[in-house]
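Have a look at the structure below, then the notes.
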Amino acid sequence: MARNNQSLERVRHDLQLEENLEQHKKGWMIQKIGWAILYIGLILAVAGIFGTGPVSYKTQVQNGNTIEYERFLRYEAETDMTFRLKDVTDSITLEIPQQYLQYVDVQSITPLPDRNRTINGVTTYFFHAGGTADIHCLLMAKKPGSITTTIKVNATPFTIAHQIYP
C-alpha cells in the first residue's frame, strides 16, 4: 500500500470516540512553527542580539581615535566602553550628555579623571595624558529603552546607540 506523507491513515474501530484529525494537523503545524521560533530566538541570543555577543559589539574609528562599546544592554547589567586615543598632546576631555546619563550610570572610569564639571547638560571629564591613551568606562544600564547620543573625546564626536532590554 503506497502511503502519502500528507495523509493520515484512518482507523476503523468500534469505540465511540470523537476524532478530529484536522484539529490534530493544525496542532502539529503550530508545534512546528513554535519550534522554529524557539530555534531562531536561540540563534539570536547566541549571536548577541539580547546582550553580550558578537553582534552586540561595535567599534567606531574617527581621526585615529577609537571607541568600543556594546549596542545591546540589559537593565542593571554592567558593560565596558573603551576609548583608545592617539596623538594626545597634553590633556583629554571626555564629554557625556546628561540625556545619556539618564539611561546609563557611570560606575567607574580608569584612569581616574583629574576633575569633572557639568555645564549646559554635558558632563566633561578632564585627564592628563600624552602620546596614546586608553580610557575605560564601566557602565550600568539603569533604565530600559533606546538611547542615541553623541559623546565627544577631544572634540571628536562619536554617535553611539544602545538598546536597553528590561
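The values are calculated or read from the model by the stated rules, or taken from the named source; none is laboratory data. Remember, predicted model here, so these are calculated numbers, not experimental data. FYI the Cβ positions are ideal-geometry reconstructions off the backbone, even for glycines, and counts take in every protein chain you see. The area values use the complete protein model at the heavy-atom level, side chains included, leaving out ligands, DNA and RNA. Shrake-Rupley method; radii C 1.70, N 1.55, O 1.52, S 1.80 Å.
For the stretch 80-166, what's the relative contact order in percent, using C-alpha pairs closer than 8 Å and at least 6 residues apart?
On the way: 182 pairs, mean separation 33.0, N = 87.
Contact order relative to length: 38 percent.
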The stretch 84-166: projected area of the alpha-carbon convex hull, averaged over directions, in nm²: 5.3
Taking Cα atoms, how many degrees apart are the long axis of helix 21-47 and the longest axis of the chain, rounded to 10 and kept between 0 and 90? 20
Can you give me the long-range amide H partners of Thr123? Hydrogens built in the peptide plane at 1.01 Å from N, cutoff under 5 Å, separation of 5 or more residues or another chain. Ile96, Gln98
Listed by chain and number, the lysines with an alpha carbon less than 25 angstrom from that of Lys86, same-chain partners under 8 positions apart left out, are Lys58, Lys152
Please report, as a whole percent, how much of the solvent-accessible surface of the chain comes from carbon and sulfur atoms (probe radius 1.4 Å). 53
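Enter the accessible area per residue of the stretch 11-158 (Å², integer; probe 1.4 Å; all protein chains in place).
Numbers: 9610 Å² over 148 residues.
I get 65 Å² per residue for this part.
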Please find, in a Gaussian network model of the chain (springs between Cα atoms separated by less than 10 Å), the residue of Ala129, Ala36, Ala47 whose mean-square fluctuation is greatest. Ala36
So for the chain, taking the charge dipole from beta-carbon charges (+1 Lys/Arg, -1 Asp/Glu), which of Phe158, Ala36, Val55 sits furthest toward the positive end? Ala36
Mean separation of Cα contacts under 8 Å, 6 or more apart, over the residue count of the stretch 36-88: relative contact order %: 25
Given H placed on each backbone N at 1.01 Å, which residues far from Ile164 in sequence or on other chains put an amide H within less than 5 Å of it? Leu73, Gly145, Ser146, Ile147
For peptides 77-84, 140-147, 25-32, sequence by mean Cβ density within 10 Å, most packed first: 77-84, 140-147, 25-32
Counting only C-alpha contacts under 8 Å and six or more residues apart, can you give the relative contact order of the chain as a whole percent? 22
